[in-house]
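Since every read-out is calculated from the coordinates, none of them should be taken as a lab result. Because the structure is a prediction, the values reported are computed rather than measured. So basically every Cβ, Gly included, is an ideal-geometry build from the backbone, and we count neighbours across all protein chains shown.
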Amino acid sequence: MPVRLRVAAGRNFIDGKWELPGSGGASTRRCPLDHCDLGPYAESDADDVDAAVDAAVNAAEAWGALAPSARAAVLHRMASSTELHAKELAECITHEEGKRLSEAFGETTYAVGLLRYFAGAILANEGSVVPGSEQGAINLYRHRPLGPVGLVTPWNFPLLVAMRKMAPALAYGNTVVWKPASESPETALLFAQLVVAEADVPAGVVNVVTGDGRSAGDALVKHRRLKAVSFTGSTAVGRQVQRAAFEREEPIRVQVEMGGKNPLIVADDADMCFAADVALDGVVKGSGQRCTATGLVLVQAGAVDRFLAEVGSRVERLRVGPGADRESDVTPLVSRFQLQHVSDLVATSEAAGLTRVAEARLPGTAGWYLGPVLVSNASASMAVFTEEIFGPVLPVAAYDDDDEAIEIANGLRYGLSASIVTASISRALRFVQDMRAGVVKVNQETGSSEPNFPFGGWKASGYGPMEQGEAAVQFFTEEQMVHLVPGPHPRAPGQRVPEGAQQRWAEGAGVVGEDGVAIGAC
């Protein structure tokens, strides 16, 4: 794949310019497909983050003061540029993160949808008007920008998650400093090079700093001049971000989207062929490296053997290969570390009694490949039952009745997404009512969402307002309450002042004669 970052190689995008990093220098990383070197990428330090935040601060007042229609026009230009460069962006995502090219194209399409949605959302409603208690009074509230905000995004959706944060942040008048994951910096830099510059986004409104989370990331989330931080990543790091926000002398707004262990309940009245397809979709897309991936399948006793047979036959037919190969169903994991992590989870659980039912064949070529694995007899004592896997592993456990299924699902420490496959509407409605998760689905896989729909999790999966849709305005704006009471109405000399307003007129702005006619100003 050709090198596309000739301008941006080893640099940050700050204040509309490509800047070399300070003392941190630059680093490279390995491609998940063939282990070739990618980069160099800037290893930003606190001084680099300072420069990016300064640029965002300096641009904030002018950007926030723009008419919503002007900001909407910028977002529409960004969406058009993203569409125009969808091929380059999708190839970049596949090359550095590993996912199938078709999924990478889907990510760019979703990003365009987010930019278009929020370009329209800011023109739809600036606030609300409510009646006041005094005659003629008006009470209203407005959404005002926060100012400069920090965005920290993960490697598994390097463009989609970034636009989930950036689109509403910009739409509602904020400027941003974006730190992408150290595993996927190229997509962020390419977006700055091909989209931000081409869409004529004002300098300082969008800034990109790359680097390790312990240096650049830590400096960003703790920066005293930011007004908010939106983070997506692991639960452990998300909690650190929360603590950093609350430990400030002046706590700032924080939004964290963390891990998921998303249960799929398969009732005995479900079509098992359909249920197998739903379950496999939930774990194969993105090679299972999604916070919304299906992490545990609970199958009603009596249907377990049928379900395992249907899924097992599908798993064995899956083709594992490079993301750019249209024949590939499953692609490599993002890094050697991730491959080792997932393999260790399975091995530890197998030692505790987990049964390997079926697995896909590996391609026998370079790349951090792990063929999808179907395992059964999962129990609460096993890591694959309780922990987020983030790989193409599908653990299956049996349950007896609806009460037990919901109890097991709600007993997981995460609460991002959950789904049920059933032919019973009453069973589905009970699941929706009782399930403790931010996203609940019926007869669908646990993953995927839509740009105009709020997204977020409960329990250990998230904190703060949800992302996307109407919920985004809650995080990226401050509400300002305005109370308007009409004052005395001025009257020119010779005009009659209404009887009910004569006293106010005389007290405030003029002289009223005995006949109620304005004589002149005080």
| field | Sequence of F118, F385 once ranked by neighbouring C-beta atoms within 10 Å, starting from the fewest | value | F385, F118
| field | Rg followed by Dmax, in Å, when the range 367-447 is reduced to its Cα trace | value | 13.7, 46
| request: Indicate the helices, whole DSSP H runs only, in the chain that combine a mean Kyte-Doolittle hydropathy of 0.0 or more with a Cα extent along their long axis of 30 angstrom or more. | output: 101-124
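Could you please rank V221, V161, placing first whichever residue has the fewest other Cβ atoms within 10 Å of its Cβ?
Neighbour counts put them in this order, fewest first: V221, V161.
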| remark: Links exceeding 20 Å between C-alpha atoms in this model, out of K261/K459; K87/K179; K222/K459, come to K87/K179; K222/K459
| task | Could you work out the relative contact order of the chain, using alpha carbon pairs under 8 angstrom and six or more residues apart, expressed as a whole percent? | result | 16
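Could you calculate the FRET efficiency of R356 with E249 from 1/(1 + (r/R0)^6), where r is the beta carbon distance between them and R0 is 51 Å, rounded to 0.05? Intermediate results must be reported in sequence, preceding the final value.
Working: r = 53 Å, r/R0 = 1.05.
Efficiency for this residue pair is about 0.45.
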| query | Between the range 366-385 and the range 193-263, what is the C-alpha centre distance in whole Å? | reply | 31
| Roughly speaking, what is the stretch gain from R336 to R224, that is 0.36 nm per residue apart minus the C-alpha to C-alpha distance, in nm to one decimal? | 36.8 nm
| message | 7 Å from Cα along Cα→Cβ at both E316 and L84: what's the point-to-point distance in nm? | response | 5.2
| For the chain, the longest stretch holding no GluC sites (Glu not before Pro) located in a DSSP loop with at most 16 other Cβ atoms within 10 Å is which? | 328-513
| note | Here the gain from full extension of Q135 to S424, 0.36 nm per residue of separation minus their alpha-carbon distance, amounts to 98.5 nm
| task | Would you calculate a helix-derived [θ] at 222 nm for the chain, using -39,500 (n - 2.57) for each DSSP H run of n ≥ 4 and dividing by the full residue count, to the nearest 500? | result | -11000 deg cm²/dmol
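Report the Stokes-Einstein translational diffusion coefficient (µm² s⁻¹, integer) for the range 1-148, Rh taken as the Kirkwood radius over Cα pairs, at 20 °C with viscosity 1.002 mPa s.
Numbers: Rh = 18.9 Å.
Reported coefficient: 114 µm²/s.
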| request: Using only the C-alpha atoms of the range 262-449, find the volume of their convex hull and express it per residue in Å³. | output: 109
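Per the Kirkwood formula on distinct C-alpha pairs, the Rh of the range 55-106 is how many angstrom?
13.1 Å is the Kirkwood radius here.
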| remark: Taking Cα atoms only, Rg over Rh for the chain with Rh from the Kirkwood formula is 1.10
| request: Could you please rank L140, L160, L89, placing first whichever residue has the fewest other Cβ atoms within 10 Å of its Cβ? | output: L140, L160, L89
| Say R0 is 45 Å: what FRET efficiency, to the nearest 0.05, do E61 and V442 get from their beta-carbon distance? | 0.45
| note | Taking alpha-carbon centroids only, the range 140-187 lies from the range 272-314 a number of Å equal to 33
